[in-house]
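Working notes, structure below.
The values are calculated or read from the model by the stated rules, or taken from the named source; none is laboratory data. Quantities reported herein were computed from a predicted structural model and do not represent experimental measurements. So basically every Cβ, Gly included, is an ideal-geometry build from the backbone, and we count neighbours across all protein chains shown. Ligands, DNA and RNA are stripped out before the accessible areas are found, and what is left, the full protein with its side chains, is counted by its heavy atoms. Shrake-Rupley method; radii C 1.70, N 1.55, O 1.52, S 1.80 Å.
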There are 2 protein chains.
Amino acid sequence: MSALIASLDTPVALIDVSRMQRNIQRMQQRMHSLGVRLRPHIKTSKCLPVIKAQIAAGANGVTVSTLKEAEYCFAEGINDVFYAVAVAPGKLAQALALRRQGCNLSVLTDSVVGAQAIVAFAQQHDERFNVWIEIDCDGHRSGLAVEDPALLAVARVLVEGGQQLRGVMTHAGSSYELDTLPALQALAEQERQLCVSAAEKIRQAGMACPEVSIGSTPTALSALNLEGVTEVRAGVYVFFDLVMHNIGVCQADELALSVLTTVIGHQQDKGWIITDAGWMAMSRDRGTQRQRQDFGYGQVCTETGDWIDGARVTGANQEHGIITLGAAQGTDIVTRFPIGSRLRILPNHACATGAQFPHYHACDAEGAVHTWSRLHGW
Amino acid sequence: MSALIASLDTPVALIDVSRMQRNIQRMQQRMHSLGVRLRPHIKTSKCLPVIKAQIAAGANGVTVSTLKEAEYCFAEGINDVFYAVAVAPGKLAQALALRRQGCNLSVLTDSVVGAQAIVAFAQQHDERFNVWIEIDCDGHRSGLAVEDPALLAVARVLVEGGQQLRGVMTHAGSSYELDTLPALQALAEQERQLCVSAAEKIRQAGMACPEVSIGSTPTALSALNLEGVTEVRAGVYVFFDLVMHNIGVCQADELALSVLTTVIGHQQDKGWIITDAGWMAMSRDRGTQRQRQDFGYGQVCTETGDWIDGARVTGANQEHGIITLGAAQGTDIVTRFPIGSRLRILPNHACATGAQFPHYHACDAEGAVHTWSRLHGW
């Protein structure tokens, strides 16, 4: 292991750059072979070197979850930005400012009221926004059902109001609840089919709807056919995590984000190893709680990244992690994991764990460690 | 409501300064009447104006959960700093640097190995650290049991190694699992009694043990007698939150931290109001999940802070919150909470929610709004 990693103060968030690059290649090649563009969701990393690696591999534009991410990308020369959360009317001024600076920003709505607010603001400022309409493909969160009469009403408000209707988009967020390939393939097909149907409905009503954007990491990695789709959005594939591992879309050696921690104590009677990676480092995300394997607050690995089977972070306070070993690991915790020794923890959810850190430490194949800053807040 | 609040972009973390000041006074006066000093745990706010208000009200020194917090406080003239997490040997150089700059930093250990590491490092650098020994009073996390022979062994390693044994400390973290006054009073007495016993055991062995430091917000607000205790540490009382409300140590009108959010959509069939405060704003903390009332990801209030009974954030994605109303609230969500309208969400856990934001917006009684930055990371 790199001497540089051994010298880092803990807790730190490590990126295995080789794994990250393989993850980027895997998704990009899959999208290429399915004949669609990839617009990565950068809410996972919020980190420019990661985003640049995605674009260098062939991504077309980015998806963002906040306008701060949009500003961050545009400041670095990334022009095609899709803000994929229904835009609050109060955020239109910030969106307009980005467009006036030359950013090809597009926004999202899923309601007549939202569309009217966009039109009113645009007309007041003599602007023509790029707008997507959100479709609900699985009852997971936001969006209009294909059969909802509001779908055409929203499209008409936008088109008649002089806006550029760029297309329809959906996100099969319920894919996080699945863990078999047939179920994932079926949901991917449902996501594709419903979003394409929405576009066709708008086209049949005489309006242009050039784009069909779908995506989630599990469905993107499971779809067999993306006919009618123009682009896919996915985010967490860049690092993967234990939730994705439980869903079945990645292998253990594809998890690119981990938290390096130091052992600070033991409670030998209870079999507890106490570390300096509590929930402030891991986040409070318990995404594996209802999956096939509950990893607590994370899977414990050696300092060099080898899984210690059954060892998990079973408790977390703000700056204390509590690790317990599986039954197969024996009870000799004090000499095997002495105070001052180090471990790596794989997180449940890379988006949530990354957000706890102001920067990542990116470790490349040559053993060099680079400090990569990331966004925080709005 | 202040026009300034209405102009803020969402999501933002609001501090009600009047409530915060009352909370600070309440705890300070209670400690004064019990005859002990208060050393607030600043991990809750990590925010200088909050810490200064605590010190102005009479607090003696601060407790920190990271050395970055120690550096932050010391840079602002706060000299008496207790780093209350067992110090990793690798962090002693950073602790030494603070002491060499004049910071009266004290560190913590709960093991012979940890104490030996402190002594070895100190002797190598000709330093005399202030050291506390951690006592386990409730099986919650770290610390030595009073009856553990290691207690005296740790004290001897420190004293014979030339370090300043400042005292014993404990934290009754299991108080978060209680919700009746008799149970809290009993745990507070257990916390006091065991920590005082540990000090007496060290004194009976012929070593000085001047200080006895205990604390958690629930026990600090429940203790009837703190005989033998010299100081209390508590943190979350400064803001309070829904977890504390469920425990029963604060009233609804004492919760000083909330997240202001904007309605961005609805799913009327499901009764869902969609907002721009997802888990990135609220945190993933579900601390009320196993308490007497499960508030989901937060209690929903009007923009001015009035509770909407039964309305909770029942789902959270990264930048989407899903609010459902209680049965008593009816189904007219679209006109009652239109797109663009605003709500305030009270968090489960103020320490976790605050950490999601680079700064707070502090609203004083005159309607002014101040931007208070806070620490992020290590």
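Between residue B:251 and residue B:294, what is the label-to-label distance in nm when each label sits 7 Å out along the Cα-to-Cβ direction?
The answer from the label model is 3.0 nm.
Mind listing the long-range amide H neighbours of residue A:303? Cut-off is under 5 Å, sequence gap 5 or more, other chains count too, H placed in the peptide plane at 1.01 Å from N.
Those lying under 5 Å, H to H, from residue A:303 are A:344.
Per residue of A:57-70, what is the mean number of Cβ atoms on other protein chains within 10 angstrom of that residue's Cβ?
The per-residue average across the peptide is 1.
Among chain A residues, which Cβ is nearest the axis of the A-onto-B rotation, and at how many Å?
A:284, 2
If the label for residue A:340 sits 7 angstrom from Cα along the Cα-to-Cβ line, what are its distances to the same label in every other copy, in nm to one decimal, shortest first?
6.3
Among B:317, B:230, B:247, which residue has its Cα furthest toward the positive end of the charge dipole of the protein assembly as shown, with +1 on Lys/Arg Cβ and -1 on Asp/Glu Cβ?
Farthest towards the positive pole: B:230.
Compute the angle between helix B:181-204 and the longest alpha-carbon principal axis of chain B, please, reported from 0 to 90 degrees and rounded to the nearest 10.
It is inclined by approximately 20 degrees.
Along the three principal axes, how long is chain B when you take its alpha carbons, biggest first, rounded to the nearest angstrom?
73, 43, 35
Using a ≥ b ≥ c from the Cα gyration tensor of the protein assembly as shown (square roots of the eigenvalues), is it rounded, prolate or oblate, where a/c under 1.5 gives rounded and otherwise the larger of a/b and b/c decides, a/b for prolate?
Since a/c reaches 1.5 and a/b is larger than b/c, the shape of the protein assembly as shown is classed as prolate.
Could you give the size of the charge dipole of the protein assembly as shown about its Cα centre, using +1 on the Cβ of each K and R and -1 on the Cβ of each D and E, expressed in debye and rounded to the nearest 20?
Dipole size: approximately 720 debye.
Go through A:46/B:43; B:46/B:270; A:91/B:68; A:52/B:43; A:270/B:43; A:46/B:46 and tell me which ones have a Cα-Cα distance over 32 Å in this structure.
Among A:46/B:43; B:46/B:270; A:91/B:68; A:52/B:43; A:270/B:43; A:46/B:46, the Cα-Cα distance tops 32 Å for B:46/B:270; A:91/B:68; A:52/B:43.
What list of whole percents do you get for P(r) of region A:252-373, with Cα-Cα distances grouped in 5 Å bins up to the one holding the largest distance?
2, 11, 22, 26, 19, 12, 6, 1, 0
Taking square-rooted eigenvalues a ≥ b ≥ c of the alpha carbon gyration tensor, is region B:308-378 rounded, prolate or oblate, where a/c under 1.5 means rounded and, failing that, a/b exceeding b/c means prolate?
It comes out prolate by the Cα gyration axes.
Rg and Dmax of region B:93-238, using alpha carbons, in Å: what are they?
Final numbers for Rg and Dmax: 15.7, 50 Å.
Taking the Cα centre of region A:31-85 as origin, sum charge times position over the Cβ atoms of Lys and Arg (+1) and Asp and Glu (-1), and report the length of that vector in debye to the nearest 20.
Once rounded to the nearest 20, the dipole reads 140 debye.
Can you give the mean number of other chain Cβ atoms that lie within 10 Å of the Cβ atoms in peptide A:87-93?
6
Convert each backbone phi in region A:316-326 into a coupling constant with the Karplus relation 6.51 cos²θ - 1.76 cosθ + 1.60 (shift: θ = phi - 60°), then list the ³J(HN,Hα) values in order as whole Hz, x for Gly and Pro.
8, 9, 4, 10, 10, x, 10, 9, 10, 8, x
What whole-number distance in Å separates the alpha-carbon centres of region B:198-219 and region A:201-251?
Between the Cα centre of region B:198-219 and that of region A:201-251, the gap is 59 Å.
What's the local net charge at residue A:242, with K and R +1, D and E -1, over the other residues with C-beta under 12 Å away?
Taking every other residue near residue A:242 into account, the sum is -1.
Under a GNM of chain A (C-alpha, springs under 10 Å), which listed residue has the highest mean-square fluctuation: A:365, A:153, A:350?
It is A:365.
Mind jotting down the distance between the C-alpha centroids of region A:345-378 and region B:343-374, whole Å?
Using only Cα atoms to place each centre, the spacing works out to 26 Å.
Name the residues whose placed amide hydrogens come within less than 5 Å of the amide hydrogen of residue A:321, ignoring near sequence neighbours (fewer than 5 apart) on the same chain.
A:275, A:276, A:277, A:278
Among A:131, A:232, A:112, whose mean-square fluctuation peaks in a Gaussian network model of chain A (Cα, cutoff 10 Å)?
Ranking A:131, A:232, A:112 by mean-square fluctuation puts A:112 first.
Assigning unit charges at the beta carbon (Lys, Arg +1; Asp, Glu -1) and nothing else, what dipole magnitude in debye, to the nearest 20, does region A:142-233 show about its Cα centre?
Approximately 280 debye in magnitude.
Using a 1.4 Å probe over the heavy atoms of the protein chains, calculate the carbon and sulfur portion of the accessible area of region B:264-378 as a whole percent.
In region B:264-378, the share of accessible area belonging to carbon and sulfur is 46 percent.
Report, to the nearest 10°, how far helix B:150-160 tilts away from the longest principal axis of the Cα atoms in chain B, using its own Cα long axis and a range of 0 to 90°.
Helix B:150-160 sits roughly 60 degrees off the main axis of chain B.
Please work out the Cα convex hull volume for region B:3-154 and give it in Å³ per residue.
Normalising the Cα hull of region B:3-154 by residue number yields 157 Å³.
Mind checking which of B:17, B:243, B:62 has the largest fluctuation in a GNM of chain B, springs on alpha carbons under 10 Å?
Between B:17, B:243, B:62, it is B:17 that shows the largest mean-square fluctuation.
With the label 7 angstrom out along Cα to Cβ, how close does residue B:290 come to the same site in each of the other copies, in nm, nearest first?
Label-point distances to the other copies, shortest first: 1.8 nm.
Search the structure for amide H atoms under 5 Å from the amide H of residue B:38, placed 1.01 Å from N in the peptide plane, and list their residues when 5 or more places away or on another chain.
Placed amide hydrogens put B:60, B:232 under 5 Å from residue B:38.
Angle, helix B:112-124 long axis vs. longest principal axis of chain B, Cα atoms, 0 to 90°, nearest 10?
70
First check a/c for region B:214-305, with a ≥ b ≥ c the square roots of the eigenvalues of its C-alpha gyration tensor; if it is under 1.5, answer rounded, and if not, answer prolate when a/b is larger than b/c or oblate otherwise.
The shape class here is prolate.
Report, in whole Å, the centroid distance computed from the Cα atoms of region A:300-332 and region B:1-64.
36
Positive end of the dipole of chain A, charges at C-beta (+1 Lys, Arg; -1 Asp, Glu), about the Cα centre: which of A:129, A:186, A:65 has its Cα farthest in that direction?
The Cα lying farthest towards the positive end belongs to A:129.
What accessible area, summed over both chains, is buried at the B-A interface (1.4 Å probe, Å², nearest 100)?
Using a 1.4 Å probe, the pair buries roughly 4600 Å².
Quick one: of the DSSP bridges fully inside the protein assembly as shown, what percent are antiparallel, nearest 5?
Taking every DSSP beta bridge within the protein assembly as shown, about 50 percent pair in antiparallel fashion.
Considering only the label points, 7 Å along Cα→Cβ from Cα, what distances in nm to one decimal separate residue B:225 from the same position in each other copy, shortest first?
8.0
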